[in-house]
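The values are calculated or read from the model by the stated rules, or taken from the named source; none is laboratory data. For clarity, every value in this text was computed on a predicted model and none was experimentally measured. Note that we place each Cβ from the backbone using ideal geometry, even for glycine, and neighbour counts take in every protein chain shown. Side chains are part of the model used for accessible areas, which takes the heavy atoms of the whole protein and leaves out ligands, DNA and RNA. Shrake-Rupley method; radii C 1.70, N 1.55, O 1.52, S 1.80 Å.
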Amino acid sequence: LSQATTKVLPGTWVLRRKRNPDGEISKYKGRYCVRGDLQITDEDTYAPVAAWSTVRTFLAVALTLTWKTIGIDFSNAFVQAKLQTPVWIHLPRGFKSTSNSGNKLCLELKRSLYGLTIAPNCGLKNY
């Protein structure tokens, strides 16, 4: 808990019930998402992606030329990437502060969260 040096971003909890194939609830999951649309940044706010037609063409060529292919999926890439610039968020709803100060508290993020405009590029730079 510190003094914010940039705009403090609000966020929201996204809660889901995961079900088995028979419809029975198997687990409850939640994640905290930041309102990145309110973020002011000088960094690029896009991430390169490949169109499915490009992927299919590449795989067809690889099959024809008997190339080896490898598939990689970075699970939780958005929440594992370290941030290069400081980002501040409001204390998430449900968390209680132990501070006696009457000021609203905020948190400095050390790693990326879903919703940040720079999150896709953070994941690319750190892998």
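Within the stretch 96-111, the only residue that satisfies the criterion of being modelled with pLDDT of 80 or more and surrounded by fewer than 11 Cβ atoms within 10 Å (Cβ to Cβ) is Lys110. Set side by side, the residues Arg31, Arg56, Arg19 differ, and just one is within 20 Å of Thr117 (Cα to Cα), modelled with pLDDT of 85 or more and open to solvent by 100 Å² or more (accessible area, probe 1.4 Å), which is Arg31.
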